[in-house]
Amino acid sequence: MKKRSRIVSLGVLALTLTMMSTCLMGSTMARYVTEVTGSAKAAVAAWSFKANEGTSTFTAIDLGDKSNRTAYKDGDIKVGVIAPGTSGKFDIVIDGSGSEVGIDYVVTIASADGTTLPDDLKFKIDNTDYTLASEKTGTIDYATGADSMKKTITVNWEWAFGEDDTAEENKNDNKSADNDWLLNIAITGKQTTPETTTATP
């Protein structure tokens, strides 16, 4: 009887272990599992900004140079200088070629410390009256193609000739004679703020 009881006990134990094993296997194996992986990427837009071919500074512009001053008779004024009654112009070429974004630019022309200009020396930028030290703004839209992101700004200057000037103090431009003037020119470029559209990407 004891032997039979042991056999029965062993059988019950074996059955129990088999059922437990089946349950465990069923709970860990009986399902579908899938993992999908991917990535995200972005190409960052290029940025390039120059003024008169310079990326931080450009060659000084000489108002008296023959390329920037109106031509006059040799007997009236020396080449390379300016004086009351003279005028001229010079160009600033803003170049955003290579950029992949639009550019907002600001042009500022101001007298350097120690430079005092006569009141009758006037400036224009792109044929619009310009006040020294003020900001002239504009935008270059992003575009492809050669020279499509270049903008030429023309600065005109004119020193009026005082027909009615006299020898009285502050009634002429004598204080300006034989001086070296310095104008600081700054051209700043910033990325145009992106604006959303209603179009579906």
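Could you do me a favour and compute the accessible area per residue for segment 56-201, 1.4 Å probe, result in Å²?
With all protein chains present, segment 56-201 gives 68 Å² per residue.
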Fill in: Stokes-Einstein translational diffusion, segment 85-162 - Kirkwood Rh over all Cα pairs, 1.567 mPa s, 4 °C, in µm²/s
91
Discussion item. Quick check: with the 1.4 Å probe, what order do VAL36, VAL93, VAL79, VAL155 take by accessible area, largest first?
Written reply: VAL36, VAL79, VAL93, VAL155
Worksheet, complete the sentence: Scoring only Lys, Arg, Asp and Glu (+1, +1, -1, -1) among other residues with Cβ under 14 Å from the Cβ of THR192 yields -2
Worksheet item: If you take the square roots of the eigenvalues of the alpha-carbon gyration tensor of segment 51-114 and sort them as a ≥ b ≥ c, do you get rounded (a/c under 1.5), prolate (a/b over b/c) or oblate?
Response: prolate
Fill in: Distance between segment 130-201 and segment 28-106 - C-alpha centres, whole angstrom
14
Worksheet item: Let a ≥ b ≥ c be the square roots of the eigenvalues of the Cα gyration tensor of segment 45-84; is it rounded (a/c under 1.5), or, if not, prolate (a/b larger than b/c) or oblate?
Response: prolate
Fill in: Tail weight of P(r) past 24 Å, computed on alpha-carbon pairs of segment 51-201, percent
44
Discussion item. Can I get the semi-axes of segment 122-165's equivalent ellipsoid? Compute them from the C-alpha gyration tensor as square roots of 5 times the eigenvalues, in angstrom, largest first.
Written reply: 33, 12, 5
Discussion item. Using only the heavy atoms of the protein chains and a 1.4 Å probe, how would THR37, THR198, THR192, THR115 rank by accessible area, largest first?
Written reply: THR198, THR37, THR192, THR115
Practice prompt. Compute, for GLU168, the solvent-accessible surface of its heavy atoms (probe 1.4 Å) with the complete set of protein chains present, and express it in square angstrom to the nearest 10.
Written response: 110
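The values are calculated or read from the model by the stated rules, or taken from the named source; none is laboratory data. It should be emphasised that the depicted structure is a prediction, and the values quoted were computed from it without experimental measurement. Heads up, the Cβs are rebuilt from the backbone with ideal geometry, glycines too, and the neighbour counts pull from every protein chain shown. Note: areas computed on protein heavy atoms with side chains; ligands, DNA, RNA excluded. Shrake-Rupley method; radii C 1.70, N 1.55, O 1.52, S 1.80 Å.
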